[in-house]
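Written below as structure tokens is the structure these notes are about.
Just so it is clear, none of the values below were taken in a lab; they were calculated from the coordinates. If you're wondering where the values come from, they're calculated on a predicted model, not measured in any experiment. Reconstructed Cβ throughout: ideal geometry from the backbone, glycine too, with neighbour counts over all protein chains shown.
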Amino acid sequence: MYDVIVVGARCAGSPTAMLLARMGHRVLVLDRASFPSDTLSTHFMHQSGLARLRKWGLLDRLEASGCPPVTEAVWYYGDLPIRGCPPPVQGVGPAYAPRRIVLDKILVDAAREAGAEIREGFTVRDLIVEDGVVVGVRGRSHGGAEEELRARAVVGADGKRSLVARLMDAPVYNDRPARTVAYYTYWTGLDRGYEVYFGDEQQVAVMPTHDDAHLIVCALPHAEKDRFKADIEGTYHRIIKDTAPGLATEMSESGRQTERFMGTADLPFYYRRPYGAGWALAGDAGYHKDPVTGQGITDAFRDAEVLSEALHKVLEGTGDWDEEMAAYEARRNEESQWLYEFTHQAASLGFSDRMRKAFRVLAYDRAEADSFLGIVAGSTSVLDFFGPEHMAELERRAEDPEDEARVAAAAER
């Protein structure tokens, strides 16, 4: 009999198990994969997520893995480069874009070291429900006989197609359809940092990662999914040529594609109620949005920390299940709601006239650029930056004739 069974061992599951095991609980983690294992992910990690990794004593492992730190971001809106570095979060300055084959192994190992039992290559097929309460799972190892495993609670950290959420019919709310389709692959031979290019309803992002490689992802509106899928390679290169011609030239002259294309148009927006009798959800299983702002791993880490604290209280007998789980849901929603809205807007791959004017100021005002980039890093309040007074000031400055020279100089850099 376990205290908690966690279904899924990646960015939400292993940290949840690790933290519970460190608190003294008996935890079992089940995953059909065997680690190290890759997964569909653009794998950018912002400072707010890395701050938790450092708090858990794991950031040094990532730093030692050979993943290059991202100390500056450059967002190109047409000819305007917006250069900046978000304000640090709890002392963490650089960002990272680690391969999931590396990051997930770090997390799985940390959970195992903490005392959690990890069973790789195990597929969960069903939940055990008695008197309306989830009390365990049914499944089997590859090639093995079906087993019943029981626990006081089951956590679904099994992604947006979560079996736990589906079997428990977790209520969905504030949901919206997908807005983009995106494909990516890896390239070596490039001299690039972290760059994002915004074109006419298309986007290109470049992220340095392990093995001197760069992940390059291209996105189009969701309505273009069939065209993109019909010719992934051709469409991918046309987007880069149209949106980032200098990058396209460097890729053709010195770059080498090292892996196959990966991507999807299945990028919905939703919240799920993340708990019921005996079960809870973490990470993408309970909350999902477009990856355009790179929040998935950061959100998974937050869920792991908050949910593990709530479960600890219940298991220790100092908290009521419904009260603690409701508090977990409320905190998740409160901390994510404004970035959820910002991400939904960003996934339109277009900008309002007011935002276009603001970009003119950000192109030459480094402090404003740092603040803007801090929105996705977790160090700038969405409400503060997009507040009416601040946006009105940026608009006024963009229309000031004396600033035209500064904008022109920024475009020439």
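Would you mind finding the one in 100, 125 that is touching a Ser or Thr at 6+ places or on another chain (Cβ under 6 Å) and either in contact (Cβ under 8 Å) with a residue 24 or more places away in the chain or surrounded by fewer than 14 Cβ atoms within 10 Å (Cβ to Cβ) (or both)? Give the steps one after another, and end with the answer.
Working: 125 fails: touching a Ser or Thr at 6+ places or on another chain (Cβ under 6 Å).
Sole residue among the options that is touching a Ser or Thr at 6+ places or on another chain (Cβ under 6 Å) and either in contact (Cβ under 8 Å) with a residue 24 or more places away in the chain or surrounded by fewer than 14 Cβ atoms within 10 Å (Cβ to Cβ) (or both): 100.
Just one of 115, 136, 132 is in contact (Cβ under 8 Å) with a residue 60 or more places away in the chain and touching a helix residue (DSSP H, G or I) at 6+ places or on another chain (Cβ under 8 Å); which is it? Working first, answer last.
Details: 136 fails: touching a helix residue (DSSP H, G or I) at 6+ places or on another chain (Cβ under 8 Å); 132 fails: touching a helix residue (DSSP H, G or I) at 6+ places or on another chain (Cβ under 8 Å).
None of the others qualify; the one that does is 115.
Test residue 350 against the stated conditions and say whether it is of a type in the set (Gly, Ala, Ser), part of a helix (DSSP H, G or I) and touching a residue at least 12 places away in the same chain (Cβ under 8 Å). Show your work before the answer.
Numbers: of a type in the set (Gly, Ala, Ser): yes; part of a helix (DSSP H, G or I): no; touching a residue at least 12 places away in the same chain (Cβ under 8 Å): yes.
Taking the combined requirement at face value, the residue does not satisfy it.
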Q: Give the residue that is farthest from the chain's Cα centre (by Cα), with candidates limited to residues of segment 140-163 that are among the basic types (Lys, Arg) and buried (at least 17 other Cβ atoms within 10 Å of the Cβ).
A: 152
**Q.** Unmet requirement for residue 260, which otherwise passes all of (1) within 30 Å of residue 128 (Cβ to Cβ); (2) surrounded by fewer than 17 Cβ atoms within 10 Å (Cβ to Cβ); (3) of a type outside the set (A, V, I, L, M, F, W, C)
**A.** (1)
Q. Within segment 167-191, how many residues are under 25 Å from residue 342 (Cβ atoms) and outside any strand (DSSP E or B)?
A. 5
Q: Output the residues belonging to segment 277-310 that are touching a Gly at 6+ places or on another chain (Cβ under 9 Å), surrounded by fewer than 22 Cβ atoms within 10 Å (Cβ to Cβ) and either farther than 22 Å from residue 167 by Cβ or not hydrophobic (A, V, I, L, M, F, W, C) (or both).
A: 278
Q: Kindly indicate which of 310, 327, 300, 304 is touching a Pro at 6+ places or on another chain (Cβ under 9 Å), more than 22 Å from residue 73 (Cβ to Cβ) and in a helix (DSSP H, G or I).
A: 304
Q: Select, from 222, 214, the only residue that is surrounded by 14 or more Cβ atoms within 10 Å (Cβ to Cβ) and touching a Pro at 6+ places or on another chain (Cβ under 6 Å).
A: 214
